[in-house]
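The values are calculated or read from the model by the stated rules, or taken from the named source; none is laboratory data. As the structure is a prediction and not an experimental result, all values here were calculated from the model. Neighbour counts are summed over all protein chains in view; Cβ atoms, including those assigned to glycine, are modelled from backbone coordinates with ideal geometry.
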């Protein structure tokens with residue numbers, strides 16, 4: 001028996017995003033996001049309840065500033081103490097796993113969705129997705145973009161505006177488009193970041 005489109009999506013295979021199950025999952029997430037993005041931040045209990053319903057997992061003391069956007073929400077897992085600033089977009093057609101104490105600046109985009117290079121396959125409406133993993137204690141600067149399939153090692157710093165197309169080793173500073181490692185960073189490094 002063939003796998004469902006959702007199972008194909010989560011397995012990183014080509015899938016049809018117009019499948020009714022996926023459309024329903026996205027509609028659920030978009031309804032939650034509409035409420036979240038209209039909510040007065042003076043109601044932290046409701047804010048937290050919506051995030052808990054939206055995300056696949058969320059640790060204690062996570063802050064997500066609004067507006068915030070995602071596709072499904074259910075593939076997003078965020079560790080304790082993480083801070084997500086305004087205007088972030090997480091396209092979670094595959095898993096987005098964010099560790100603990102991660103600092104995510106305004107306007108950061110995390111993409112798992114990708115499309116075939118072959119135009120004839122794209123014309124069929126097929127796409128795929130690759131997971132993104134971000135380790136503990138990472139700092140991601142404003143307007144950085146993390147592309148599908150990327151893993152960011154613990155304690156790394158991604159500079160503002162960087163386009164991250166390759167894995168980032170732990171304890172490194174990456175800058176630019178495409179992002180590249182400019183140096184290692186370590187405990188007690190108080191040099192100002194580029195984020």
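Filtering the range 129-143 to residues that are in a loop (DSSP other than H, G, I, E, B) and within 23 Å of residue 18 (Cα to Cα) leaves 130, 131. Looking across 187, 154, one residue alone is over 30 Å from residue 4 (Cβ atoms), without any contact (Cβ under 8 Å) to a residue 12 or more places away in the chain and in a loop (DSSP other than H, G, I, E, B). It is 187. Out of 162, 129, 113, 144, one residue alone is within 14 Å of residue 92 (Cα to Cα), buried (at least 22 other Cβ atoms within 10 Å of the Cβ) and in contact (Cβ under 8 Å) with a residue 12 or more places away in the chain. It is 129. Residue 52 passes every criterion in (1) over 21 Å from residue 106 (Cβ atoms); (2) out of contact with any strand residue (DSSP E or B) (no Cβ under 8 Å at 6 or more places or on another chain); (3) loosely packed, with under 13 Cβ neighbours inside 10 Å; (4) modelled with pLDDT of 95 or more apart from (2). With respect to the conditions (1) under 20 Å from residue 139 (Cα atoms); (2) in contact with a strand residue (DSSP E or B) (Cβ under 8 Å, 6 or more places away or on another chain); (3) surrounded by fewer than 19 Cβ atoms within 10 Å (Cβ to Cβ); (4) without any contact (Cβ under 8 Å) to a residue 40 or more places away in the chain, residue 96 falls short on a single one, namely (3).
Given the criteria touching a helix residue (DSSP H, G or I) at 6+ places or on another chain (Cβ under 6 Å), touching a residue at least 12 places away in the same chain (Cβ under 8 Å), part of a helix (DSSP H, G or I) and more than 16 Å from residue 92 (Cα to Cα), does residue 36 qualify? When the stated conditions are applied, residue 36 passes them. On the given criteria, is residue 195 crowded, with 18+ Cβ neighbours inside 10 Å, modelled with pLDDT under 95 and part of a loop (DSSP other than H, G, I, E, B)? Answer is yes for this residue. I'm told residue 154 meets every condition in (1) within 17 Å of residue 77 (Cα to Cα); (2) in contact with a helix residue (DSSP H, G or I) (Cβ under 7 Å, 6 or more places away or on another chain) except one. Can you identify the failing condition by its number? So residue 154 meets the others, but not (2). Considering only residues in the range 17-49 that are within 21 Å of the chain's Cα centre (by Cα) and within 19 Å of residue 121 (Cβ to Cβ), the one that is surrounded by the most Cβ atoms within 10 Å (Cβ to Cβ) turns out to be 22.
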